[in-house]
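Chemist: For reference, the structure I am asking about is given below.
The values are calculated or read from the model by the stated rules, or taken from the named source; none is laboratory data. Only a predicted model underlies this, so the values are computations on that prediction, with no experimental measurement involved. Heads up, the Cβs are rebuilt from the backbone with ideal geometry, glycines too, and the neighbour counts pull from every protein chain shown.
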Amino acid sequence: MKVPCVNFGMRLEPTARSSLPMTEREDALPAGCCFSRDIARLANDLMAMGAIMALSQQGVRVPEDISVTGYDGAFFTAYTNPPLTTIRHANERIGIRAVEMLIELLNGGTGRRESVPPVLVERQSVVEARK
């Protein structure tokens, strides 16, 4: 099955991947769009909503034919059809920690790296992995 990559207006083979990783880890979620035979992972929720619309217009059912996930955790993703599975950032927590760390630096502290992990919000745009 070929599926459309709505981000670039191209048709991609089922194993196509974006060449722009979001992180240095090879297994991390890629930027742009990443379609495989069973799942479309998009770099943000709006792209995922657009993908669902484009897939629907081509007769491809979500999640029966392909699962779709977004990345942002936008509040409105609970109200899409189907409700979108997304990865939510802890934006408030990230902002608070960034300010706290900046204040530490301004007061002579040493810089350090800290991460705040995102949370998977599971909804109805995905199905369990097919065997």
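Chemist: So if I check each of SER115, SER36, SER125, which one is in contact with a Pro (Cβ under 8 Å, 6 or more places away or on another chain) and without any contact (Cβ under 8 Å) to a residue 24 or more places away in the chain?
Modeler: Residue meeting the stated conditions: SER36.
Chemist: Can you name every residue in the range 47-79 that is part of a helix (DSSP H, G or I), in contact with a strand residue (DSSP E or B) (Cβ under 6 Å, 6 or more places away or on another chain) and under 20 Å from VAL121 (Cα atoms)?
Modeler: Across the range 47-79, the qualifying residues are ALA48, ALA51, ILE52, THR77.
Chemist: Continuing with the same structure: Search the range 83-108 for residues being part of a loop (DSSP other than H, G, I, E, B) and touching a helix residue (DSSP H, G or I) at 6+ places or on another chain (Cβ under 8 Å), and hand back the single one that is farthest from ARG41 (Cα to Cα).
Modeler: Across the range 83-108, the extreme among qualifying residues is PRO83.
Chemist: Restricting to the range 27-62, and then to whatever is of a type in the set (D, E, K, R) and crowded, with 16+ Cβ neighbours inside 10 Å, can you tell me which residue is modelled with the lowest pLDDT?
Modeler: ARG41
Chemist: Mind listing just one residue for me: the one in the range 89-131 that is polar (S, T, N, Q) and farther than 25 Å from TYR79 by Cα and, of those, modelled with the highest pLDDT?
Modeler: ASN107
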